[in-house]
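Below is one structure, written out as structure tokens; comments come after it.
The values are calculated or read from the model by the stated rules, or taken from the named source; none is laboratory data. In this text, all values refer to a predicted model and were calculated from it rather than measured experimentally. Cβ coordinates were reconstructed from backbone atoms using ideal geometry, including for glycine residues, and neighbour counts include every protein chain displayed.
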Amino acid sequence: MNFGLGKEGSTKWTIRQDKVERARKKDGWHGMVTNLNDVPGEETLGHYRGLWQAEAAFRTCKFELQFRPVFHWTQSRIHAHVAIDFMTLMCARDLQHRLRLRG
């Protein structure tokens, strides 16, 4: 789209058909790059499609469980913090699963 301002504050715009056509040719295509050379494409795609679950877990940690950034200065404390976060998330997921089973 070209956009411009004319005299006295008037506006003028035009659609760039060449750019629209170029974008239209890419509709429906999505590229992926992976280092999993020995994994079949369908399986790789399955991993990617399951990514939303990991992202949802991080959102749960950040918002629902209200985790905030904590700065540690030793490797052992970093590992302990991640382990506690992970166990907390697993407990929350287990509780959700049990509640879902009960209806």
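Descriptive notes on the structure:
- Number of residues in segment 6-16 that are part of a loop (DSSP other than H, G, I, E, B) and modelled with pLDDT of 80 or more: the value is 2.
- Only one of the listed residues (GLU42, GLU55) is under 14 Å from the mean Cα position of the chain (by Cα), over 30 Å from ASN2 (Cβ atoms) and either of a type in the set (Asp, Glu) or loosely packed, with under 10 Cβ neighbours inside 10 Å (or both). That residue is GLU55.
- Matching option when the condition is surrounded by 10 or more Cβ atoms within 10 Å (Cβ to Cβ), among the acidic types (Asp, Glu) and under 21 Å from the mean Cα position of the chain (by Cα), among ASP85, ASP27, ASP94: ASP85
- The test for being surrounded by fewer than 10 Cβ atoms within 10 Å (Cβ to Cβ), modelled with pLDDT under 80 and within 23 Å of the chain's Cα centre (by Cα) does not hold for VAL33.
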